[in-house]
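Participant: Below you'll find the structure I mean.
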Amino acid sequence: MNELQDYIISYFGIRSADLGKLAPLFEQQTLEKGAFFVEQGSYCDALSFVKEGHLRIFADSESKEVTQWISVKGHFITDLSSLIFDTTARFSIQALTNCQLYTIQKSSYRRLHEVVSDWPKLEKLFLAKCFITLENRVFNLLSLSATQRYEHYFEQNKEVFNQVPLQYIASLLGMTPETLSRIRTNHTS
C-alpha cells in the first residue's frame, strides 16, 4: 500500500499519525479488463486509487459514447456525484486493462472525519484539485486546436497511447478518430 500512502502524503500533506488511521480503510481490489467499477444509472458506493491499470470514464449520450476521462496509475476514480449525493451514476467506469485498486467503501468514506481530524480540510483540498483539473480540461477544449490538445495530452500521458484504443483518446480530446489519426500521422512524419 506504499503507493497509496506516498500519494496521500504528497497530494494532501497528511500527518503520518493520521495516515496510519486512513490507510487501513482502503482494501486491495482487482478489476479484470472489461469489468465495470460502476455502470451509468447505478449507484457508486466506493472511491478507488489506481495502483495499476487504465480505466475509462464514459457516458452514453443520445447519439454516441463520450469518454470523459482515462484514469491511470496514481489517480483516484469514482462517480463523485453518486458517491457524495447518492444519485445514480452519470458515468460508467470500465477497466481497459487488468487493474489493481485500493478501494474505500462509501460507508467508510463518510466516517473519515471521525478517523482523521483534519479530514474536512483535506477533503476540501481534494475536491478543489479535482475542480481545477476539470477547469483546465474545459479551458483546453475551448481554447486549443485539435493538434494542440493532442500534443498537450500526449506529453502528459504517453503511456496511454500504447494501452488504450485510440477512439477513446479521440473522444476524450473532443475529436473524431479520423482527426486523431491524421494528427498522429503528421507528428510521426
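The values are calculated or read from the model by the stated rules, or taken from the named source; none is laboratory data. This one's a predicted model, so the numbers in the text were calculated from it and none came from an experiment. A quick note on method: Cβ atoms are made from the backbone with ideal geometry, for glycine too, and the neighbour counts reach across all protein chains shown.
Participant: TYR150 fails exactly one of the following numbered conditions: (1) of a type in the set (Phe, Trp, Tyr); (2) modelled with pLDDT of 90 or more; (3) under 18 Å from the mean Cα position of the chain (by Cα). What is the number of that condition?
Facilitator: (3)
Participant: Which condition from (1) within 17 Å of the chain's Cα centre (by Cα); (2) surrounded by 14 or more Cβ atoms within 10 Å (Cβ to Cβ) is the one that PHE131 breaks?
Facilitator: (2)
Participant: Related question: From the list VAL38, VAL66, which one is at pLDDT 85 or above and crowded, with 16+ Cβ neighbours inside 10 Å?
Facilitator: Values: VAL66 fails: crowded, with 16+ Cβ neighbours inside 10 Å.
None of the other options fit; the residue is VAL38.
Participant: Can GLY174 be described as more than 30 Å from ILE14 (Cα to Cα), assigned to a loop (DSSP other than H, G, I, E, B) and modelled with pLDDT under 95? Spell out the reasoning first.
Facilitator: Numbers: more than 30 Å from ILE14 (Cα to Cα): yes; assigned to a loop (DSSP other than H, G, I, E, B): yes; modelled with pLDDT under 95: yes.
Yes; evaluated as a whole, the condition is true for this residue.
Residue-by-condition table, conditions (1) among the aliphatic types (A, V, I, L, M); (2) within 19 Å of ASN2 (Cα to Cα); (3) in a strand (DSSP E or B):
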site: LEU22; (1), (2), (3): yes, yes, no
site: THR30; (1), (2), (3): no, yes, yes
site: PHE37; (1), (2), (3): no, no, yes
site: GLY41; (1), (2), (3): no, no, no
site: VAL50; (1), (2), (3): yes, yes, yes
site: PHE58; (1), (2), (3): no, no, yes
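Participant: Another question, if that's okay. Does any residue of the range 10-27 turn out to be among the hydrophobic types (A, V, I, L, M, F, W, C), buried (at least 20 other Cβ atoms within 10 Å of the Cβ) and under 16 Å from the mean Cα position of the chain (by Cα)?
Facilitator: No: the range 10-27 contains no residue that is among the hydrophobic types (A, V, I, L, M, F, W, C), buried (at least 20 other Cβ atoms within 10 Å of the Cβ) and under 16 Å from the mean Cα position of the chain (by Cα).
Participant: Which of the residues that make up the range 158-171 are touching a residue at least 60 places away in the same chain (Cβ under 8 Å), of a type outside the set (A, V, I, L, M) and in a helix (DSSP H, G or I)?
Facilitator: Listed by number, the residues that qualify are GLN163, TYR168, SER171.
Participant: With the checklist (1) surrounded by 15 or more Cβ atoms within 10 Å (Cβ to Cβ); (2) farther than 26 Å from THR176 by Cα; (3) among the charged types (D, E, K, R); (4) modelled with pLDDT of 95 or more in hand, flag the one item ASP79 doesn't pass.
Facilitator: Every listed condition holds for ASP79 apart from (2).
Participant: Checking the conditions here, which among PRO177, PRO120 is over 21 Å from the mean Cα position of the chain (by Cα), on the phi < 0 side of the Ramachandran plot and loosely packed, with under 12 Cβ neighbours inside 10 Å?
Facilitator: After ruling out the rest, the residue left standing is PRO120.
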